[in-house]
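One structure is given here, and the rest of the page talks about it.
The values are calculated or read from the model by the stated rules, or taken from the named source; none is laboratory data. Just so it is clear, the model here is predicted, and its values are computed rather than measured. Every residue, glycine as well, gets a Cβ built from its backbone with ideal geometry; the counts of neighbours run over all protein chains shown. All accessible areas refer to the heavy atoms of the entire protein, side chains included, with ligands and DNA or RNA removed. Shrake-Rupley method; radii C 1.70, N 1.55, O 1.52, S 1.80 Å.
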Amino acid sequence: MSPSYLEKYGSGLISNGYKIVPIKRGTKAPVGVKNWTNIDADLNQLGQWIAQRFQGVGILCKTTPCIDIDILDEEVSEQMREWIQTNISSAPIRVGKWPKQLLVYRTDSPFKKVRSATYEDLFGDQHAVEILGDGQQFVAYAEHPDTLKPYEWIQNNGSPPGINEIERDSLPLLNLEDARAVVAEFEKIATKKVAMNEWVKVKDGTNGSQIANEDAEGHGDFQNLRPRLGL
């Protein structure tokens, strides 16, 4: 039997300074793990998770925040990635379901999640940008529950192709102001899409505010929103 992603990559991630959590197969979360947001796993804890047959491995975002380009419009997704790389910095890129992309950073001043509004296009696809921080995690290695294929890391500007080969302390810095700037840029693009009747807003964002307590689905304020577009 081949080793799980957790078994294959877990010890390397720990040695490179990441705080990891186990990911249950078929999910994107540490399902069944109590108080996972405060875990500081060592090799002994890793062994217990492997014995419990967890498959994937995630990384806590408190000191390793990431920009989640949760956009299925390839043109807009690439536009956001290029803006981030130009105006914030380049960073390791993880892809689960293309054209969605996730860029990984580090921070010395932890902050809570910041989220844009969510927009829906004519095909029913939804688009948003989130900066995951203290209280969240992202999947580093696992099988994506939708594509049933492994998450992939894209080699970027000569960097190693996988986050397990990169020390956390060598990641580029990201702060709260950067997070707010990313959301603001996406909102500019989305506003133009709305004006052209290509997108409608279906869920409010945080207007640059941090989210201290939010579940995995990210429930927001649905008041005063326009009806969805009809085909």
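Only one of the numbered conditions (1) surrounded by fewer than 19 Cβ atoms within 10 Å (Cβ to Cβ); (2) not in a loop (DSSP other than H, G, I, E, B) is not met by residue 94, and that is (1). Checking every residue in region 54-67 against the condition of being open to solvent by 10 Å² or more (accessible area, probe 1.4 Å), more than 17 Å from residue 114 (Cα to Cα) and either assigned to a loop (DSSP other than H, G, I, E, B) or not polar (S, T, N, Q) (or both) gives at least one match. Looking across region 182-229, just one residue is surrounded by 12 or more Cβ atoms within 10 Å (Cβ to Cβ), over 23 Å from the mean Cα position of the chain (by Cα), assigned to a loop (DSSP other than H, G, I, E, B) and at pLDDT 95 or above, and that is 198. The number of residues in region 96-147 that are of a type outside the set (Gly, Ala, Ser) and under 10 Å from the mean Cα position of the chain (by Cα) comes to 13.
The residue pairs whose first member lies in region 62-80 and is farther than 17 Å from residue 183 by Cβ, whose second member is hydroxyl-bearing (Ser, Thr, Tyr), and whose beta carbons are closer than 7 Å, counting only pairs six or more residues apart or on different chains, are 63/107; 64/18.
When we screen 134, 108 for residues that are in contact (Cβ under 8 Å) with a residue 60 or more places away in the chain, in a loop (DSSP other than H, G, I, E, B), surrounded by fewer than 17 Cβ atoms within 10 Å (Cβ to Cβ) and among the charged types (D, E, K, R), the only hit is 108.
Scoring residue 103 on the criteria (1) free of Cβ contacts under 8 Å to residues at least 40 places away in the same chain; (2) open to solvent by 10 Å² or more (accessible area, probe 1.4 Å) leaves a single failure, condition (2).
When only residues in region 1-13 that are open to solvent by 40 Å² or more (accessible area, probe 1.4 Å) and in contact (Cβ under 8 Å) with a residue 24 or more places away in the chain count, which is farthest from residue 145 (Cα to Cα)? That would be 11. For residues that are of a type in the set (Ser, Thr, Tyr) and modelled with pLDDT of 95 or more, scanning just region 148-181, find the one that is surrounded by the most Cβ atoms within 10 Å (Cβ to Cβ). So, considering only residues that are of a type in the set (Ser, Thr, Tyr) and modelled with pLDDT of 95 or more, the one surrounded by the most Cβ atoms within 10 Å (Cβ to Cβ) is 151. Scanning region 16-39 for residues that are within 15 Å of the chain's Cα centre (by Cα) and part of a strand (DSSP E or B), we see that the one that is surrounded by the most Cβ atoms within 10 Å (Cβ to Cβ) is 23.
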